Amino acid sequence: MSDSDKDIKNLKLLISEKEIQDKLDEMAPKIEECFPPDEDIYTICVLKGSVIFCSDLVKRFKHNVQMEFIRISSYGNETKSSNNLQAIDLTLPNLNNKNVIIVEDIIDTGLTARFLTDLFKIKHHPKKVLFVSLLNKKCARQIEIEPDFYGFEIGNKFVAGYGLDYKGYFRNLPYIGYFES
Ligand code: 5GP
């Protein structure tokens, strides 16, 4: 039995596949309404955790969308934030005067959200930038910051599934689970 087979037995259901998909149906039009219908949108998917959320979200958009990707790491193999952001790849095209949506999987301490929000304001000068996160762990916040839109508020639990990993596994699960401590 592999390590991930053992771990999945301890993963308890937190948010079902249907709850996630229903939430996306509800969120997508509200997010899109923030932008003029005849203007393009650039989504910035924060890898790796946001890959599934971002893919499912953009499928619901009616705007013309360009998908961009950046990669940041803060957890490594641990279940607690290292408070040490590693910007692995921040390569982006010119976003000057563009409509931008930063798509995150989860806001925990708020460090990544603050870093990204500042980066976009200082370096990219978009016309409008929205910060969207599927999950919001408000109770773990170390920096005062809130997303423009989020799907679910969760408690201070380590979660995996639907893009979020534990030791590299579980990103492919269609639901979100948590590990009982
Ligand atoms: P923050 O900078 O807000 O502390 O953390 C943001 C990043 O930490 C997220 O994008 C995500 O990659 C990771 N993270 C935070 N909480 C969790 C969690 O419960 N599970 C997993 N798998 N990753 C998390």
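The values are calculated or read from the model by the stated rules, or taken from the named source; none is laboratory data. In this text, all values refer to a predicted model and were calculated from it rather than measured experimentally. Backbone-built Cβ (ideal geometry, glycine too); neighbour counts: all protein chains shown. Surface accessibility is based on the protein's heavy atoms, side chains included, excluding ligands, DNA and RNA. Shrake-Rupley method; radii C 1.70, N 1.55, O 1.52, S 1.80 Å.
Annotations
- Scanning the stretch 155-169 for residues that are more than 8 Å from the ligand (Cβ to nearest atom), assigned to a loop (DSSP other than H, G, I, E, B) and within 14 Å of Lys12 (Cβ to Cβ) yields a single hit, Gly155.
- Those residues of the stretch 124-181 which are under 30 Å from Asn94 (Cα atoms) and among the acidic types (Asp, Glu), in sequence order: Glu144, Glu146, Asp148
- Scan of the stretch 12-51 for residues that are open to solvent by less than 60 Å² (accessible area, probe 1.4 Å) and within 16 Å of the ligand (Cβ to nearest atom), ordered by number: Leu14, Ile15, Ile20, Thr43, Ile44, Cys45, Val46, Leu47, Gly49, Ser50, Val51
- Odd one out for Val51 among (1) modelled with pLDDT of 95 or more; (2) touching a Leu at 6+ places or on another chain (Cβ under 6 Å): (2)
- Of the residues making up the stretch 29-88, those that are in a strand (DSSP E or B) and among the aromatic types (Phe, Trp, Tyr) are Tyr42, Phe69.
- Single condition Phe131 does not satisfy, out of (1) surrounded by 18 or more Cβ atoms within 10 Å (Cβ to Cβ); (2) within 10 Å of the ligand (Cβ to nearest atom); (3) of a type outside the set (Val, Ile, Thr): (2)
- Residues in the stretch 134-150 that are of a type outside the set (D, E, K, R), in contact with a strand residue (DSSP E or B) (Cβ under 9 Å, 6 or more places away or on another chain) and within 11 Å of the ligand (Cβ to nearest atom): Leu134, Leu135, Asn136, Ala140, Ile145, Pro147.
- Leading residue by the ranking (least open to solvent (accessible area, probe 1.4 Å)) among those in the stretch 89-124 that are basic (Lys, Arg) and in a helix (DSSP H, G or I): Arg114
- The residue that is surrounded by the most Cβ atoms within 10 Å (Cβ to Cβ), among those in the stretch 79-88 that are among the hydroxyl-bearing types (Ser, Thr, Tyr) and within 17 Å of the chain's Cα centre (by Cα), is Ser81.
- Candidates Tyr166, Tyr175: the one that is touching a helix residue (DSSP H, G or I) at 6+ places or on another chain (Cβ under 7 Å) and buried (at least 18 other Cβ atoms within 10 Å of the Cβ) is Tyr166.
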